[in-house]
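S.K.: Sending over a structure as C-alpha cells; questions will come in a sec.
Just so it is clear, none of the values below were taken in a lab; they were calculated from the coordinates. Everything numeric in this text was worked out from a predicted model, so none of it was measured. Here the Cβ positions follow ideal geometry from the backbone for every residue, glycine too, while neighbour counts run over all protein chains shown.
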Amino acid sequence: MAPGSASTLKQPGFRQVMSVVHTWSTLVPIWVLYFVFITGTIGYFHIEVTSWMEPEIEHVSEPIDEARMLEHAQDYLSENAGDATQWIINFPDERKDTARLSWSRQLSPEETEGLSREERRALQAENRGAVTLNPVTGAIYGDEVRDTGGGSLLYRMHYVLRYMPRALGEYIVIISTFLMFAGLITGIIIHKKIFADFFTFRPGKGQRSWLDTHNVFSVMTLPFQIMITFSGLLFYVATVMPLVLYGPAVTLGFDVQNIITAQSADDFSEKNQELIKIIQEDVFGDTPIEPASGTEAEMLPLTQIYTDYRSRLPDHSIFNLIVQNVNDETSTATVRAHWGINRQDRPIDRYSAITGELLTDSTERQSKSPASDVQGVFLGLHEGRFSPILLRWLYFLTGFAGAVMIASGAILWTSKRRQAHEAEERRFAKKSLGAEAADAPRLGRGVTFVEHMNVATIIGLPIGIAAYFIANRLVAVGIEDRGALEADAMFVVWGLTFVYAALRPRARIWSELLWIACVSFAIIPVVNALTTDRHLGVSLVQADWIMAGFDLTVLAIAALFGVAGRRASLRSQSFDRSQNRTVTDPSLVPAE
Amino acid sequence: MIYHSFFIVLLANVCLCFSQAKNFKQMTGSRIGERQKVSLRIVGYCALALSIWLAFLADGFVGLVYWCGMFTLAAVPIAFALPYFSEFWIERR
C-alpha cells in the first residue's frame, strides 16, 4: 500500500487531541487570565492596599474598645445622618484599625418619579455618605482623605475588567475562566508522568526549562487552580445559566420581569416583596425587616445591643452593625459576624433597635440546603474572607504561582513556535537565498507579535500596577475623580510597555522591562517617604504593619524583578555574543 | 500546630522527592535501592497523612485549606532548589 494513503495515516490519539485542546483553550484567553490572576491575587490584600493608599488615616496603636467605638459612631451618625434610612458601622479588625461609617436615605417614589436611570443614580449618590472613624479618639476622617480606587479597584477589575460595560467584562472573564477550567482538565490528561515528574526542573535548557516550570507550578498548585476556576464559574451561575435562578422563581410565582429590571431589592414589586417575606419567614425562619412606619421613636444606645450580643456570643468577631429604619418605631439593628469558610452561613443576629428584643437568633438558624452549603463553601474558598493573615499569604503566594503557570505557558508556546520557525528558516537558507527564503521572515511576524504581547503583558502589567501606586502618591489630592485618574495612569503606563516592546530588539526586551519593573517597585517606598510621613522609618517604629508590610512587600517584589532582570541580562549578553560569532563565521554564511 | 504541620509536610516532600530514582541519583550520584525507595515512600506518605491530620486538628476545615497552601509552599522550592543544590553537593563531594 502506498505510504500516506488513508489507511496508513495514523489517527491522532486521545492525548494528542487533548493536547491541542489544552494549548488553544488556554492560549486564546491567556492575557486576560494573567490579568485576572494578578489583580485577583492582589485582591486578597485589597483592604491593606486601600489602607496604604489612604495615608491620611492614622494608624491606631492603642487597644480598641468596641463599645466605646460604637458610642462615637452613634453620636456622629445621630448628629450628621439622623434623617437617613440606614446606617452601616463597619468594625475595625486585624486587617484595618479604623471603623467605617456609611449611611443612605431611601428615596420615596415621589422623589424618583419621572427621573431617568442616571438622574436617579445621581440623586441616590447625593443621599449617601461615608466617613472613617478613629475607634479610640472618635476623630472623623472625611474629605481630607484622598479619593482613591484603592485595592478594591484592582480587586474589582479581576471580574469586570475596565473601560467596558460591566456585562461585557463579566462575560469575557466567564468565557476565559471556562476555557481555563477546560485547560486544567486537559492538562491533567496530557501530563503522562504527573507523579514521576513531580519535582522535575531542568534549568538552562530553554524550552524544556519552561515546560518544567509550567508543570511544577501547575501540578503543585492544582487543587487551588481547580478550586479557583470552578468557584469563579459558580459566582456567575445565574448569568451563565439564568434558568437556575429564574426557573424556580417562575414556579414560585415571582414577577421575573420585575426582578430583572429592579435596581435594588427596594424596587421589587409588592407581589415580589410579599413572596420574599413569606420565603424568609417560612423557609429560613427569618424575621423580615418591616418598612418604616413613619412614626418616630427613640432608639436605644447601640452599646446596649452590643453588650447583649457579646454576652450571647463572646467569641464572634463582628464585621458590621446595620441599623435599618433609623429613628422609626420599626428600627432594627443587625449584627453580622465575620465570614466563616461557608460564605452563605455567616451568623446574623437582628434586634429591635427600640426595645432591644432579639428578633433573629443566629444560633437557632439551620443550614439552608446541602446545595447551598456546597456553593457557599466554594465561594468562601474563592474569596478567602475567613482567612487569618498567614493563610491569606498562602492564598497570595498560590495565586502568584497561578500567574507564573499562565506566564510560563505563554512563553512556552512562543518558544516552541520560534524554534519551529527558526528550523524552517535554516532549511530555506540552506537551499538558497531565493524567493522562498525572502518570504520566510513573514512566517515569524505572528510569533514576534505574540512574543511582544507576552513580555508587555507579563512584565508590563506589574509595571502598570506600580504606576497605579505611584500615581496615588503623586496625583494632587482634591482633584475630581482622582481614583479614576490613578487607574488611567496604570493603563497608560502598561500601554507604553507595549510600544516599548515593539520598538526594542527581541533579545533585550525581557531584561530591560524586568529592570524597569524592578526600579518601578523599588521607588514606591521612596515616593511614599517623600510625599507622606508614613514611610518605613516611621511605620516600623510604630509597628504599623499594614504600611510597613506594603512597603516591604513591594521591595521584595522589586528584588525578585532585579534577580530575574540580572539573569535575563546575562542571557541577552550571551545571545549578542553568539550573534556576533554567527556573522563573522564564514562557514555559516549560505552559499549563493 | 500549623507550623508543625508545615515542617512535617516539608519533610514529606523531601522524602517523596528522594524516593524518585532520578532525583536520588541527582543528589547522591548513586542508584536508589528498592528498600530505600520503599522506606522513603512510606515515611513520605505517613508524614503527609500526619501533616493533614495536624492541620485539621489545628483549625478544622480551614486547616485543610492551610495544608493545601503549605504543601505548595513546601514542594515548589524543593523542585527549584534541587538542581542547584545537587550541583553544589556534587562539587563538594
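S.K.: If you place +1 on the Cβ of every Lys and Arg and -1 on the Cβ of every Asp and Glu, how big does the dipole about the Cα centre of the protein assembly as shown come out, in debye to the nearest 20?
M.R.: 6040 debye
S.K.: With the radius of gyration and the Kirkwood radius both derived from the Cα set of the range A:126-262, what is their ratio Rg to Rh?
M.R.: Here Rg/Rh amounts to 1.15.
S.K.: Normalised radius of gyration for the range A:5-68, please: alpha carbon Rg relative to 2.2 N^0.38 Å, two decimal places.
M.R.: So the Cα radius of gyration is 2.43 times the expected 2.2 N^0.38 Å.
S.K.: For A:LYS271 paired with A:GLU56, estimate the spin-label separation in nm (one decimal), with each label point 7 Å from Cα along the Cα-to-Cβ line.
M.R.: Computed distance between label sites A:LYS271 and A:GLU56 equals 4.9 nm.
S.K.: Restricting to lysines 8 or more places apart or on different chains, can you count the pairs in chain A with Cα atoms under 24 Å from each other?
M.R.: 12
S.K.: Give the relative contact order (percent, whole number) for chain A; include only Cα pairs under 8 Å separated by 6+ residues.
M.R.: Here the relative contact order equals 16 percent.
S.K.: Select from A:TRP87, A:LEU115, A:VAL17 the residue farthest towards the positive end of the dipole of the range A:6-163; place +1 on Cβ of Lys and Arg, -1 on Cβ of Asp and Glu, and compute about the Cα centre.
M.R.: Ranked along the dipole, the leading option is A:VAL17.
S.K.: If you don't mind, there's one more thing I want to ask. In whole percent, what relative contact order does the range A:98-199 give with Cα contacts below 8 Å and a gap of six or more residues?
M.R.: Across the range A:98-199, relative contact order equals 19 percent.
S.K.: Which whole number in µm²/s is D for the range A:335-437 by Stokes-Einstein, with the Kirkwood Rh taken over Cα pairs at 20 °C and 1.002 mPa s?
M.R.: The estimated diffusion coefficient comes to 112 µm²/s.
S.K.: Continuing with the same structure: So, with +1 on the Cβ of K and R and -1 on the Cβ of D and E, and no other charges, what is the size of the charge dipole of the range A:469-547 about its Cα centre, to the nearest 20 debye?
M.R.: 420 debye
S.K.: Measure nothing but the geometry: give the 0 to 90° angle between the long axis through the Cα atoms of A:66-80 and the longest principal axis through the Cα atoms of chain A, rounded to 10°.
M.R.: 80 degrees
S.K.: Another one. Short version: ³J(HN,Hα) in whole Hz for each residue of the range A:223-231, in order, from phi by Karplus 6.51 cos²θ - 1.76 cosθ + 1.60 (θ = phi - 60°), x for Gly and Pro, what are they?
M.R.: The phi angles translate into x, 5, 5, 5, 4, 6, 6, 5, 5 Hz.
S.K.: Of the options A:LEU540, A:ALA517, A:ALA501, report the single residue whose Cα projects farthest towards the positive end of the charge dipole of the range A:501-561 (beta-carbon charges: Lys, Arg +1; Asp, Glu -1).
M.R.: Positive-end residue among those listed: A:ALA501.
S.K.: Here's a follow-up. Which residue, B:ILE2, B:THR28, B:CYS15, has the largest displacement toward the positive end of the dipole of chain B when charges sit on each Cβ (Lys, Arg +1; Asp, Glu -1)?
M.R.: Ranked along the dipole, the leading option is B:THR28.
S.K.: Angle between the Cα long axis of helix A:242-252 and the longest principal axis of chain A, 0 to 90 degrees, nearest 10?
M.R.: Tilt relative to chain A: about 30 degrees.
S.K.: Could I ask something else about it? Quote the convex hull volume per residue of the range A:1-138, based on C-alpha atoms, as a whole number of Å³.
M.R.: Once divided by residue count, the hull of the range A:1-138 is 243 Å³.
S.K.: For the protein assembly as shown, what does -39500 (n - 2.57) per DSSP helix run (n ≥ 4), summed and divided by total residues, give at 222 nm, in deg cm²/dmol to the nearest 500?
M.R.: -22000 deg cm²/dmol
S.K.: Which angle between 0 and 90 degrees, to the nearest 10, do you get for helix A:30-43 versus the longest principal axis of chain A when only C-alpha atoms count?
M.R.: The answer is roughly 40 degrees.
S.K.: Right, here's the next one. Can you give the three extents of the C-alpha atoms in the range A:187-245 along their principal axes, from longest to shortest, in whole Å?
M.R.: If we take the Cα atoms of the range A:187-245, the spans are 51, 21, 17 Å.
S.K.: Report, in whole Å, the centroid distance computed from the Cα atoms of the range A:22-101 and the range A:104-126.
M.R.: If you average the Cα positions of each part, the centres end up 27 Å apart.
S.K.: Roughly speaking, what % of Cα-Cα pairs in the range B:52-93 are separated by over 12 Å, rounded to a whole number?
M.R.: The share of Cα pairs beyond 12 Å in the range B:52-93 comes to 64 percent.
S.K.: Given just the C-alpha atoms of chain A, how large is their convex hull per residue in cubic angstrom?
M.R.: In chain A, the Cα hull volume divided by residue count equals 219 Å³.
S.K.: Using alpha-carbon pairs under 8 Å, 6+ residues apart, how would you state the relative contact order of the range B:1-81 in percent?
M.R.: Once divided by the residue count of the range B:1-81, the mean separation gives 43 percent.
S.K.: 7 Å from Cα along Cα→Cβ at both B:VAL38 and A:ARG567: what's the point-to-point distance in nm?
M.R.: 4.0 nm
S.K.: Could I ask something else about it? Do any trypsin sites (Lys or Arg not before Pro) in the range A:154-252 lie in a loop, going by DSSP, with at most 12 other beta-carbon atoms within 10 Å of their beta carbon, and if so which?
M.R.: Those that pass, being in a loop and sparsely packed, are A:LYS192, A:LYS193, A:LYS205.
S.K.: Something else now. Using the Cα centre as the reference, give the magnitude of the dipole from point charges on the C-beta atoms of the range A:163-263 (Lys, Arg: +1; Asp, Glu: -1; all else neutral), rounded to the nearest 20 debye.
M.R.: 540 debye
S.K.: For the range B:1-90, max minus min Cα coordinate along each principal axis, in Å, sorted largest first?
M.R.: The Cα atoms of the range B:1-90 stretch 42, 27, 14 Å along the principal axes, largest first.
S.K.: Continuing with this model, one more query. Compute the convex hull volume of the Cα atoms of the range A:275-339, divide it by the residue count, and report the result per residue in Å³ as a whole number.
M.R.: Measuring per residue, one finds 100 Å³ for the Cα hull of the range A:275-339.
S.K.: log10 I(q)/I(0), Debye, Cα-only the range A:310-350, no solvent, q = 0.18 Å⁻¹?
M.R.: For the requested q values the scattering log ratios are -0.56.
S.K.: Under the 0.36 nm per residue contour assumption, what length would be gained going from the current alpha-carbon distance of A:ARG426 and A:ILE279 to full extension?
M.R.: 45.7 nm
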